[in-house]
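The values are calculated or read from the model by the stated rules, or taken from the named source; none is laboratory data. Model, not experiment: these values are computed from the prediction. All Cβ positions, glycine included, derive from the backbone under ideal geometry; neighbour counts span all protein chains shown. For the accessible areas, the whole protein counts, side chains as well, though only heavy atoms, and no ligand, DNA or RNA atoms are used. Shrake-Rupley method; radii C 1.70, N 1.55, O 1.52, S 1.80 Å.
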Amino acid sequence: MKLIAKLFFILLLQSSVCIPQSGWIRQYPSISSGTLLSVYFENTNTGWIVGQNGKIEKTTDGGFNWFTQSSGTIDNLYNIDFISLNTGYVSGGNGIILKTINQGNNWTTLNSGTSVDFKSMDFINVLTGYVTGNNKFLRTTNGGLNWLNLDIEDSTFYSKVDFVNLNTGWVIGTSYLTGMNKLFKTTNEGISWIIQSQIDIYSFYSIFFVNENIGFISKLISALSSSDLQKTGNGGINWEYNYSIGGYINSIYFVNSNKGWFVGSSNQVYYTSNGGTNWFRQTIDQLPSIDFNSCFFVDSLNGWVVGGNTVFKTTTGGVLTNFTNTSIEIPDNYYLSQNYPNPFNPTTNLEFGISELPARNNSNSQNYNPGGGFVSLKVYDVLGSEIKTLVNENKPPGRYEVTFNGAGLPSGIYFYSLLIDGNTMDTKRMVLLK
């Protein structure tokens with residue numbers, strides 16, 4: 001009997017589907033092929049996903065079940081945006097713009113007057129919206145019946161558009177004559193535009209403004225296949241370095257000025273709770289690696305990300321239940337090692353390190369910390385309830401090892417977390433076998 005129990009728990013240890021190791025849960029749309037490109041939810045229950053080959057799917061139970069809606073096209077659909085529960089728009093390849101007034105039960109094709117691929121779209125209300133694609137930047141003020149081409153600058157490709165209200169918005173453009181990447185801004189409903197930024201080394205890639213002042217933009221360094229995230233606090237007049245990752249930052253979303261997420265290449269999902277001062281990577285269990293193309297949140301807890309033919313949902317903001325934060329990767333700084341032995345009975349060793357280097361999550365000198373800090377090492381059960389606090393004091397930089405004794409605890413899976421100054425730096429799991 002003991003042998004069977006041990007084999008069972010070893011299988012639990014090796015399986016990533018038995019006990020989710022993140023605050024994200026995989027959902028299963030009926031789409032079995034192609035790539036999902038955009039997600040939108042009107043509330044915690046009702047939402048839509050769109051993707052390649054004209055795919056549109058809807059859920060009315062938060063993503064537990066999905067069903068197909070007929071788009072009437074086989075062109076790729078890049079964006080979906082709803083103004084109300086009934087009225088929504090989709091933009092896609094070959095000049096496709098779709099509209100529904102009955103929650104997507106029927107989609108009608110609007111006449112855009114062009115055949116370019118519309119890669120970005122933003123509707124301010126049921127009448128006013130914008131789409132961008134190649135050298136076309138279009139605006140409608142009558143719900144898509146007519147579209148006006150906003151010719152901001154000759155010989156410019158337009159990629160991403162973002163408005164925070166009827167008057168104020170931004171659009172990314174690239175000159176196909178000079179190669180300069182530009183950020184344009186309007187404060188009068190798109191009637192006139194000014195150039196706020198222009199660069200030739202990077203490519204502006206994605207953009208999101210929380211309000212008229214606070215916004216984020218990602219810049220792709222093509223030669224290095226990496227991206228920089230920058231932030232503005234004055235409406236785009238000035239931008240400061242915020243964070244860097246390898247690969248693309250494909251989508252940015254904030255629910256308020258403090259809490260936001262961005263997603264990108266190779267399963268990358270990052271979260272901030274302090275307006276981008278610190279970013280924490282959230283783990284999503286997905287093999288093989290996929291690129292996340294879009295993220296959307298209805299509040300600080302409920303959100304979805306899409307990529308490949310998969311959907312992931314969180315009801316905890318991406319945070320592992322009952323844990324104050326998710327794991328963060330800070331090379332050459334703080335670390336938490338896997339316990340040994342593992343499985344164990346009844347004792348195991350937990351090792352962690354505090355670097356002498358500044359404790360920061362990027363090269364922004366404003367985040368400087370001279371190393372060390374108030375250190376906590378806590379053990380939790382599988383439900384997230386705290387079992388024991390092993391360390392809870394100020395520690396100088398160095399390497400430390402602590403022994404955990406599981407005597408008196410039942411066999412099972414447990415978690416242990418390293419916290420520095422109240423922030424969870426890493427969380428790992430261990431198995432107690434008796």
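Going through the range 127-147 one residue at a time, which ones are at pLDDT below 95 and either farther than 27 Å from I252 by Cβ or open to solvent by 60 Å² or more (accessible area, probe 1.4 Å) (or both)? Residues satisfying the conditions are N134, N135.
Of all strands (runs of 3 or more DSSP E) completely enclosed by the range 21-138, which ones contain at least 2 residues that are under 30 Å from G384 (Cβ atoms)?
On the way: elements: 25-27, 36-41, 47-51, 56-59, 67-69, 77-82, 88-92, 97-100, 108-110, 120-123, 129-133.
In the range 21-138, the matching strands (runs of 3 or more DSSP E) lie at 25-27, 36-41, 47-51.
Picking from residues in the range 66-76 that are open to solvent by less than 50 Å² (accessible area, probe 1.4 Å) and of a type outside the set (F, W, Y), the one that is nearest to F41 (Cα to Cα) is Q69.
Filtering N79, N43 for residues that are within 22 Å of the chain's Cα centre (by Cα), open to solvent by less than 30 Å² (accessible area, probe 1.4 Å) and within 27 Å of N165 (Cβ to Cβ) leaves a single hit, N79. Restricting T114, T100 to residues that are touching a helix residue (DSSP H, G or I) at 6+ places or on another chain (Cβ under 6 Å) and either open to solvent by 50 Å² or more (accessible area, probe 1.4 Å) or in contact (Cβ under 8 Å) with a residue 12 or more places away in the chain (or both) narrows the list to T114. Within the range 389-431, the set of residues being open to solvent by 30 Å² or more (accessible area, probe 1.4 Å), hydroxyl-bearing (S, T, Y) and over 25 Å from the mean Cα position of the chain (by Cα) comprises T389, Y400, T403, S411. The residues listed here are G34, G54; of these, the one that is surrounded by fewer than 23 Cβ atoms within 10 Å (Cβ to Cβ), modelled with pLDDT of 95 or more, within 25 Å of S159 (Cα to Cα) and not hydrophobic (A, V, I, L, M, F, W, C) is G54. Looking only at residues in the range 148-182 that are of a type in the set (V, I, T) and more than 29 Å from the chain's Cα centre (by Cα), the one that is least open to solvent (accessible area, probe 1.4 Å) is I152.
Of all positions in the range 183-203, none carries a residue that is touching a Lys or Arg at 6+ places or on another chain (Cβ under 8 Å), closer than 24 Å to K259 by Cβ, hydrophobic (A, V, I, L, M, F, W, C) and surrounded by 15 or more Cβ atoms within 10 Å (Cβ to Cβ).
Within the range 376-388, the set of residues being open to solvent by less than 50 Å² (accessible area, probe 1.4 Å) and either closer than 14 Å to F352 by Cβ or free of Cβ contacts under 8 Å to residues at least 24 places away in the same chain (or both) comprises S376, L377, K378, V379.
I need the full set of residues from the range 238-279 which are touching a residue at least 60 places away in the same chain (Cβ under 8 Å) and in a strand (DSSP E or B), in order please. Of everything in the range 238-279, those that are touching a residue at least 60 places away in the same chain (Cβ under 8 Å) and in a strand (DSSP E or B) turn out to be E240, Y241, N242, Y243, S244, V269.
Only one of the numbered conditions (1) crowded, with 21+ Cβ neighbours inside 10 Å; (2) without any contact (Cβ under 8 Å) to a residue 24 or more places away in the chain is violated by D122, and that is (2).
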